[in-house]
Amino acid sequence: MYTQLMQTEKAKPVTTVEEAELKRRFDARIDDGGFVEAKDWMPEHYRKTLVRQISQHAHSEIVGMLPEGNWITRAPTLKRKAILLAKVQDEGGHGLYLYAAAETLGTSRDQMIDALHSGKAKYSSIFNYPTLSWADVGVIGWLVDGAAIMNQVPLCRCSYAPYARAMVRICREESFHQRQGYDALLTMMRDGTDAQRAMVQDAVNRWWWPSLMMFGPPDAESVHSAQSMRWGIKRISNDDLRQKFVDATAPQAQLLGVTLPDPLLQWNEARGHHDFGPIDWDEFWRVVGGEGPCNRERLAARVQAWDDGAWVREAALAHARKQRTSKEAA
Ligand code: FAQ
């Protein structure tokens, strides 16, 4: 399988003096905190790791349009509808920057999309949960975009420069997304009815634990972390990012007036961090393995959208061909 192939493939053995020198220079650049550009020499395993991570990230943005997109026609006001439309469109844009960044590594967008549609490539576990109420849209902005930013800010310093550059713009937009989600929830909590406040609490109860899972498995079980940290692809570990997210989010929950659904969540003065309860990693792996509440629905929606868009792609190609021919004739 595509992902297994990426996981197990080892760097090609360095066979020639020239390659050994290229590898030495690559390692030195990484050790100096330098950046790698698309045309620079890089080990095959570094390239494959990046294609895996960036394409999965792109797929997450695209599949991530579906849960919130589900509420565009039912947004409570024109203002909220316009905001949600713009947000979902932004996520589509993020997917496109990321596919473009991954393409610089020599894998075509068609190959990446085929890997998603055939179930070989992953996308974030979080998008396999349903959006049951309008409050879910606010909670996705607050918690899901909040977790995404926490994970993505360090990626602005990723050693692969095209990915790092894409992340700078994406992070600016995600930070706005996070604030709009929090603002929508504040409105419901402060100016809403008891039923609306209960709706927010219910949404927080359902999204809290899946949001913590977004950061990936515990460090001890994260198969890619050691190598990705060595290469400066990942700058902060899964567990450290998760801890930073909990520390940032707990006071925001208090301000909002919601309870995070974890009886073990409390400030630990000695550690200078919040302690929190155990994560259900069986649930995480079930969802990653395709058995989450919406996995089949999400994939089917993407495949359907791709098939429905075939005529647009064909028309665009025909138009480009026509323009080329008339330019050549002129
Ligand atoms: N879901 O060894 P590690 C967003 C897989 S964007 C599914 O720790 P790694 C914006 C992992 O791929 C959200 N699978 O892996 C938005 C690997 O499997 P593989 C996406 C997961 O790569 C907001 C295996 O487990 N963000 O939300 C997950 O070093 C609102 C072992 O794991 C990114 O993709 C998971 N949660 O670390 C859009 C950020 N976690 O590939 C719409 C970039 C792990 O061997 C609305 N990616 N796995 O088959 C990363 O930072 C990393 O890839 C991690 C995983 C941290 C996700």
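Within the chain, what is the longest stretch that has no GluC sites (Glu not before Pro) placed in a DSSP loop and near at most 12 other beta-carbon atoms within 10 Å? Provide the component values of the computation, followed by the final result.
Details: sites that count: Glu37, Glu269.
After excluding every exposed loop site, the longest remaining stretch is 38-268.
Relative to the 2.2 N^0.38 Å rule of thumb, the chain has a C-alpha radius of gyration ratio of 1.08.
The residues His117, His177, sorted by heavy-atom accessible surface at 1.4 Å with ligands and nucleic acids left out, run His117, His177 from largest to smallest.
With a Cα cut-off of under 14 Å and a minimum spacing of 8 residues unless on different chains, the lysine pairs in segment 1-145 number 4. Take the chain with all the other protein chains still there, run a 1.4 Å probe, and you get 51 Å² of accessible area per residue.
Could you look at segment 40-169 and say what percent of its accessible area is carbon and sulfur, using a 1.4 Å probe and all protein chains?
59 percent
Along the chain, the exposed loop sites are trypsin sites (Lys or Arg not before Pro) outside DSSP states H, G, I, E and B with at most 12 other Cβ atoms within 10 Å, and the longest stretch free of them is 40-270. Bridging of Lys244 to lysines at a Cα separation below 17 Å is possible for Lys234, once same-chain residues fewer than 8 apart are set aside. Amide H contacts of Gly277 (H built 1.01 Å from N, in plane; Pro and chain starts excluded): Leu264, Leu265 sit under 5 Å, all sequence-distant by 5 or more or on other chains.
Rounded, prolate or oblate, given the Cα gyration tensor of segment 52-129, with a/c below 1.5 counting as rounded?
Working: a/c = 3.29, a/b = 1.99, b/c = 1.66.
Here segment 52-129 falls in the prolate category.
Quick check: at a probe of 1.4 Å, how many percent of the accessible area of segment 182-261 sits on carbon and sulfur atoms? The partial results should precede the final answer.
On the way: 1860 of 3460 Å².
Carbon and sulfur together cover 54 percent of it.
Over segment 208-330, all Cα pairs binned in 10 Å intervals from 0 give whole-percent P(r) values of 10, 25, 23, 17, 12, 8, 4, 0, listed from short to long.
Shown here is the pair-distance distribution of segment 128-179: with all Cα-Cα distances grouped in 10 Å bins from zero up to the longest one, the shares run 27, 42, 23, 7 percent.
The values are calculated or read from the model by the stated rules, or taken from the named source; none is laboratory data. Source: prediction; values computed, not measured. Neighbour counts are summed over all protein chains in view; Cβ atoms, including those assigned to glycine, are modelled from backbone coordinates with ideal geometry. Protein only, heavy atoms only, side chains kept; ligands, DNA and RNA dropped before computing areas. Shrake-Rupley method; radii C 1.70, N 1.55, O 1.52, S 1.80 Å.
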